[in-house]
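These notes are about the structure you will find just below.
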Amino acid sequence: MSLKMKELTKLSGESKSTILFYIKEGLLPEPKKPKPNLHLYSETSIEIIKFIKYLQNSFGYSIADIKEIFKNNSLDLDSSFGSLVNSIEILQGGKDSFLISKSELIGSLSIEEKELDNFIESGFIYNRTMFNKKDVDAIKILIKAKELGLDFELFKKYASFAKELAIIENTISEKLLQDDTISHNSRYEFLFDTILNYKPYIFNSYTIKEHKARISND
């Protein structure tokens, strides 16, 4: 389905000048021009515009940040579950989104390939062909833990619980994405908020609560 500018502004809730700016910056696809004075925009532009606003409002991303993320990632906001996973990976990469190969990662962190493979096989690090900033930060934590001589039992528990939780999250996500009574954009925002915001909130809240309880007991 193709939309005229007036329809696009109404459905997306964004102004004409902002939409034209997004197109200029490469965040939205160029319109089709079947006639000299007729510009038709893709229906997917609605969801991309709303996704841009979500990134700005919920994560504080600037247009420059979003341009960098879009440049380094394939964004296809449709109703498929695969698209959801891809969008979550984009957000997880953070503002300073970048991708490096395994060999580049090994060189930059001065870590042996065997040790990195061990982290991956243990489930401590997500196995990828390209690694993002979050991967690098996680590996640095694991390297530091090894240097301190810490027991890796905590990381084993993290990985184990994460696998169990992932099954539940995927089941809930699939059901939600199949529910046509909820708007497409609302489904995405709810899933992003739950996985990226609520999950770390509730986990860290209980960690803080346990820490305070132990201090009180001492």
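The values are calculated or read from the model by the stated rules, or taken from the named source; none is laboratory data. Predicted, not measured: the structure shown is a model, and the values here were computed from it. Neighbour counts run over all protein chains shown; Cβ positions are idealised from the backbone, glycine included.
Assorted remarks:
- Taking the listed residues GLU104, GLU153, the one that is surrounded by fewer than 14 Cβ atoms within 10 Å (Cβ to Cβ) and within 26 Å of the chain's Cα centre (by Cα) is GLU104, with no other qualifying.
- If the condition is being assigned to a loop (DSSP other than H, G, I, E, B) and surrounded by 15 or more Cβ atoms within 10 Å (Cβ to Cβ), then the stretch 156-190 contributes no residue at all.
- Counting the residues of the stretch 48-64 that are in contact (Cβ under 8 Å) with a residue 60 or more places away in the chain and surrounded by fewer than 16 Cβ atoms within 10 Å (Cβ to Cβ) gives 1.
- Hits in the stretch 29-66 (condition: in contact with a Phe, Trp or Tyr (Cβ under 6 Å, 6 or more places away or on another chain) and under 13 Å from MET5 (Cα atoms)): PRO31
Rundown of residues vs (1) at pLDDT 85 or above; (2) out of contact with any strand residue (DSSP E or B) (no Cβ under 8 Å at 6 or more places or on another chain), yes/no style:
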| position | (1), (2) |
| --- | --- |
| LEU20 | yes, yes |
| LYS32 | yes, no |
| LEU40 | yes, no |
| THR44 | no, yes |
| GLY60 | no, yes |
| ILE63 | yes, yes |
| ILE69 | no, yes |
| ASP76 | no, yes |
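- Residue in the stretch 131-141 that is within 30 Å of GLU47 (Cα to Cα), in a helix (DSSP H, G or I) and touching a helix residue (DSSP H, G or I) at 6+ places or on another chain (Cβ under 6 Å) present: yes
- Meets criteria (in a helix (DSSP H, G or I) and free of Cβ contacts under 8 Å to residues at least 12 places away in the same chain) for GLY107: yes
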